[in-house]
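Peer 1: Below is the structure I would like to discuss, written out as structure tokens.
The values are calculated or read from the model by the stated rules, or taken from the named source; none is laboratory data. Since the model is a prediction, treat every value here as computed from it, not as a measurement. Cβ: placed from backbone, ideal geometry, glycine included. Neighbour counts: every protein chain shown. For the accessible areas, the whole protein counts, side chains as well, though only heavy atoms, and no ligand, DNA or RNA atoms are used. Shrake-Rupley method; radii C 1.70, N 1.55, O 1.52, S 1.80 Å.
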Amino acid sequence: METSKFIWMDGAMVPWEDATVHVLTHALHYGTGVFEGIRAYETPDGTAIFRLPEHMARLHRSAKAYGIPLAHPVEVLIEAARQIIKINELEAGYIRPLAFHELGAIGLNPAAATVKTIIAAWRWGTYLGDEGVAKGIRVRVSSWRRIHQSSFVPIAKGTGQYLNSVMAKQEAVATGYDEALLLNMDGNISEGSGENLFLVRDGVLLTPPIASGILDGITRASVVQLLSDEGVTVREATLTRGDLYAADELFLTGTAAEVTPIREVDDRPVGKGEPGPVTRRAQDLFAQAVTGKLPAYRSWLTYV
Ligand code: PMP
């Protein structure tokens, strides 16, 4: 990965190489942290961060879900994210806020452990490759099931819960695919290892509901709004593995992945085996919205 110069740590700008933690950090042992992934884009009016307040609000919701007391209100985190882009002289990039239990407890109860909050930022290109964005990626249904709401909070971004995503991603890549799709414990489709899923059938756009155990993605919400404002019918629907095989189009959405077409699922071509018109429209509208070219969605941008 690319590095940058500074990382924001509880209000201080710390040189990248000095932004370290102790090996007895509670979160290292038990996954007691929450995080976000945010992107900043170059726009004609300068660098802008996409849906920054929504991301910081989700960080707070994640922390509340897992009982991690955050020291900084949303407004402070928003300003810190702007500053970390500025000080690192990034015209575009990826922003990673993380809050975690640090020192003071080594048993499971983190109540006595301090909480540290950091925000890092660096340049980061396409997550699933330029070719993937252009031609679509190959995915497989994972042998691992998505974490269930009876054991975790799937709509939170808790660090510990990501071992589930890591195993699915490792398996997909080790077996020759670009990405994994996870079924939930009911056997229905949830999402990718780090992306939400969309399916097009007969011109209608379908995506699994929150109750399928997904993360309530901010890119997902943006794509739903962009396409429904265009007159496309968008519906939340419980989807099965068979629905994937019958789909005309499939694509993934996420801050890192943006809008990435799927050209093959479980070795079966999706539609004609190339990105379809609704996917292309979603990619195009999303790219224009994040770069400030759609006045109607300017409120989604926080200028640096
Ligand atoms: N699902 C999972 C499991 C994720 O980690 C992510 C990335 N945050 C997403 C979906 C997409 O969410 P967003 O569009 O908010 O980045």
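Peer 1: When we measure straight from the Cα of Lys135, which lysines land under 19 angstrom away, once same-chain ones fewer than 8 places off are left out?
Peer 2: Partners within reach: Lys272.
Peer 1: Please give the length that would be gained between Thr114 and Asp266 if that part of the chain were fully extended, namely 0.36 nm times their separation in residues minus their C-alpha to C-alpha distance (nm, one decimal).
Peer 2: The Thr114-Asp266 span can extend by a further 50.2 nm.
Peer 1: Can I ask one more? Using the crude model of +1 on Lys and Arg Cβ and -1 on Asp and Glu Cβ, and no other charge, please compute the dipole size for the chain relative to its Cα centre, in debye to 20.
Peer 2: So the dipole magnitude of the chain works out to roughly 380 debye.
Peer 1: Excluding same-chain residues fewer than 8 positions from Lys293, which aspartates and glutamates have a Cα within less than 17 Å of its Cα?
Peer 2: Leaving aside aspartates and glutamates fewer than 8 places away in the same chain, those within reach of Lys293 are Glu42, Asp45, Glu91, Asp229, Glu230, Glu258, Asp284.
Peer 1: Another question, then. Would you kindly state how much longer the chain becomes between Ile87 and Gln170 on full extension, computed as 0.36 nm times their sequence separation minus their alpha carbon distance, in nm to one decimal?
Peer 2: Extending this stretch completely gives an extra 26.4 nm.
Peer 1: Taking the Cα centre of each part, how many Å lie between segment 66-116 and segment 229-264?
Peer 2: One Cα centre to the other: 32 Å.
Peer 1: Another question, then. Can you list, bin by bin at 5 Å, the percent of alpha carbon pairs in segment 6-122, starting at 0?
Peer 2: 2, 12, 23, 22, 19, 12, 6, 3, 1, 0, 0
Peer 1: Quick check: convex hull of the Cα atoms in segment 130-290, volume per residue, rounded to a whole Å³?
Peer 2: On the way: hull volume 16.4 nm³, N = 161.
Per-residue hull volume (Cα only) is 102 Å³.
Peer 1: Still on this model: Relative contact order of the chain: what whole-number percent is it, with Cα pairs under 8 angstrom and at least 6 residues apart?
Peer 2: Reported as a whole number, the value is 20 percent.
Peer 1: At R0 = 35 Å, how high is the FRET efficiency between Leu294 and Leu28 if r is their beta carbon distance? Nearest 0.05 is fine. Don't skip to the answer; put the middle values down first.
Peer 2: Working: r = 42 Å, r/R0 = 1.20.
Taking R0 as 35 Å, the efficiency between Leu294 and Leu28 is 0.25.
Peer 1: Starting from 0.36 nm per residue, how many nanometres of slack lie between Met1 and Ala71 once their C-alpha separation is accounted for?
Peer 2: Once the chain is fully extended between Met1 and Ala71, it gains 22.3 nm.
Peer 1: Using a 1.4 Å probe and ignoring any ligands, DNA or RNA, find the accessible area of Ile7 and quote it in Å² to the nearest 10.
Peer 2: Rounded to the nearest 10, that gives 20 Å².
Peer 1: Roughly how many Å is it from the Cα centre of segment 281-304 to that of segment 145-224, as a whole number?
Peer 2: Between the Cα centres of segment 281-304 and segment 145-224 lies a distance of 24 Å.
Peer 1: Let me check the size of segment 250-304 from its C-alpha atoms; what are the radius of gyration and Dmax in Å?
Peer 2: Cα-based Rg and Dmax for segment 250-304 come out at 13.8, 44 Å.
Peer 1: Moving on to the next point. Please give, to one decimal in nm, the separation of the simple spin-label points placed at Phe35 and Ala221, each 7 Å out from Cα toward the Cβ.
Peer 2: Simple spin-label model gives 2.1 nm for this pair.
Peer 1: Using only the Cα atoms, what convex hull volume per residue in Å³ does the chain have? Working shown, then result.
Peer 2: On the way: hull volume 38.6 nm³, N = 304.
For the chain, the hull spanned by Cα atoms encloses 127 Å³ per residue.
Peer 1: For the pair Thr240 and Glu42, how long in nm is the line joining their label points, each one 7 Å along Cα→Cβ?
Peer 2: Placing both labels 7 Å along Cα→Cβ, they lie 4.8 nm apart.
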